[in-house]
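Input: a single structure, listed below in structure tokens.
Laboratory data are not the source of any read-out in this text; all were calculated from the coordinates shown. Everything quoted here is computed from the prediction, not taken from an experiment. Because the Cβ atoms are built from the backbone with ideal geometry, glycine has one as well, and the counts that use them run over all protein chains shown.
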Amino acid sequence: MHNSDGSNTAVTVRAYHAPQSVSAATALLAQGETAVIAGGTDLVPQQRTGSGTWQPVLVSIRRIKALRGVREQAGQLWLGPLTTVSELSCDPLIARYAPVLARAADCFASSQIRNAATLGGNICNASPAGDLLVPLMLLDAEVELSCSRDGVISMRCLPIEEFLVGPGSTQRQPAELLTGIRLPLVDAARIFVFEKFGTRPALDIATVSVGLLAVAAGDCLQQVRVALGAVAPVVLRARAAEAVLEGRRLDNEAITAAVAAALAEINPIDDVRASGWYRSELVCNLLTRVLRNAVAA
Amino acid sequence: MPLLHEIGFVLNGSPIRLSVPVTMTVLEMLRGPLNLTGTKYGCGEGECGACTVLVDGLSLNACILLAVECDGREITSIEGLAADPAAAGLRRAFVEAGAVQCGFCTPGMVVQGKYLLDTRPGADRAAIARGLEGNLCRCTGYRKVVDAIERAGTTPAEVADD
């Protein structure tokens, strides 16, 4: 990799490990200087483009069976971080309890990438445009972080909203491994929408993404949740917009007020995909359309 | 000198043991030490699908898959499909549909086509087109590729011999 001053900061990988248990993996992470690899669909190209570097110790977690699977557990839906995006889009438990997550998984990159990319990887990569982060924010997901100290594994659990700190930055400490994702078990019929704007349907990083989750009650929405991607350093819950919409008749006035509230909550930047101004226009148009469709549905 | 790691895997039906640099991709391994150049280097970042291979039956981009991550797995490249009687109908359909222009994207298209036929038999044209969303053809000849995969999916196996 080259820095802006032209110096080469390539890191030589001096050890590769593929542990089969969480205890073995966290023991390796405790020693420091590690990079965790799962699907590799972010990590490997980031080395190519120079937006990331290897660490001296590469820890592959793909052999850890305890990090796979989707199940109901202690009144929650538990998702293994190694669940691939392809698996998310066709899992029956996710279809029942978190269809908005399946919908976002279906919009994710391409068939080949979906077969490799993992839920945990998309979370830890912490892209402001991360497709799966929008539904996880809507669903109030929690992440389990495990670490090993003197051979004893301890776990902490954080709301996804707290976990995500900034572009590529999370609350995960270098010694910690993401070992699970928890979703509340909500079986009630909810309106769910995930819309992503890009220049083509596939293999595009969202210019802006919008998610909506709500319960329809007559011509009102209740338990309204709105999440917005690629308009701030992290995927956002638009809580002011949610408050405007909660329990209110979803007429043009309410929609206009909700969009105005959302526009005050975002902080979009100019980059290669769009200007900040254009992103604001997209939020306005997409959110208006999503809410109008919610009334029609 | 990069760190070497010994891996064992099945490539196109044959077991292989090989020491590879830990950061070498499957694409570099296939085209380099294994001298199988059917799998193409297009973009190098998982955007174009020219390097598509099957790993344990899943289609993956070989350019962003580390070779060490294939230890214990089964890889099928375009060379494997070229010799596979079960892929004869697909090969013939690409020829008959004229689904090849410059040919650079073709190996990836054929491998992805095999994955589609294996995982979604009877897929309609819309599903086939969606399944090819990760494969770019810069001659823009997508229509005939969809024709070929649709034809391969509907042609009875007994008339599909080469």
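If you count the DSSP beta bridges with both ends in the range A:1-137, what percent of them are antiparallel, to the nearest 5? Given both bridge residues lie in the range A:1-137, the antiparallel proportion sits at roughly 45 percent.
In the elastic network of chain A, a GNM with C-alpha springs shorter than 10 Å, the most mobile of A:251, A:150, A:131 is A:150. In sequence order, the range B:84-99 has phi-based couplings of 8, x, 5, 9, 4, x, 5, 4, 4, 4, 4, 5, 5, 7, x, 8 Hz under the Karplus curve 6.51 cos²θ - 1.76 cosθ + 1.60, θ = phi - 60°, and Gly or Pro positions carry x. Estimated from helices alone, the mean residue ellipticity of the protein assembly as shown at 222 nm is -9500 deg cm²/dmol (sum of -39500 (n - 2.57) over DSSP H runs with n ≥ 4, per residue).
For chain B, what does the relative contact order come out to in percent, with C-alpha contacts under 8 Å and a separation of six or more?
Value for chain B: 24 percent.
Annotation: lysines with alpha-carbon distance below 23 angstrom to residue B:114 (same-chain offsets under eight excluded): B:40, B:144. Shape class of the range A:144-224 from the Cα gyration tensor (axes a ≥ b ≥ c, square roots of the eigenvalues): oblate, since a/c reaches 1.5 or more and a/b does not exceed b/c.
Scaling against 2.2 N^0.38 Å puts the C-alpha radius of gyration of the protein assembly as shown at 1.02. Taking other Cβ atoms within 10 Å as a rough exposure proxy, A:256, B:76 sort from fewest to most as A:256, B:76.
Relative contact order for the range B:85-161 using alpha-carbon pairs under 8 Å, separation at least 6, rounded to a whole percent? Worked out over the range B:85-161, it gives 51 percent. Measuring between their Cα centroids, the range B:16-78 and the range A:48-62 lie 17 Å from each other.
Can you tell me, using C-alpha contacts under 8 Å and at least 6 residues apart, the relative contact order of chain A as a whole percent?
Values: 638 pairs, mean separation 43.6, N = 297.
About 15 percent, as a whole number.
Once backbone amide H atoms are built at 1.01 Å from N, residue A:110 has A:203 as its partners under 5 Å, excluding neighbours fewer than 5 places away on the same chain. In chain B, the inverse of the mean reciprocal separation of distinct Cα atoms equals 15.9 Å; this is its Kirkwood hydrodynamic radius. Computed from Cα atoms alone, the Kirkwood hydrodynamic radius reported for the range A:47-139 is 14.2 Å.
The overall shape of the range A:160-287, judged from the alpha-carbon gyration tensor, is oblate: a/c is not under 1.5, and a/b is no greater than b/c. What shape does the range A:1-156 have by the C-alpha gyration tensor, where a ≥ b ≥ c are the square roots of the eigenvalues, rounded means a/c under 1.5, and otherwise prolate means a/b greater than b/c and oblate the rest? Cα axes put the range A:1-156 in the oblate bin.
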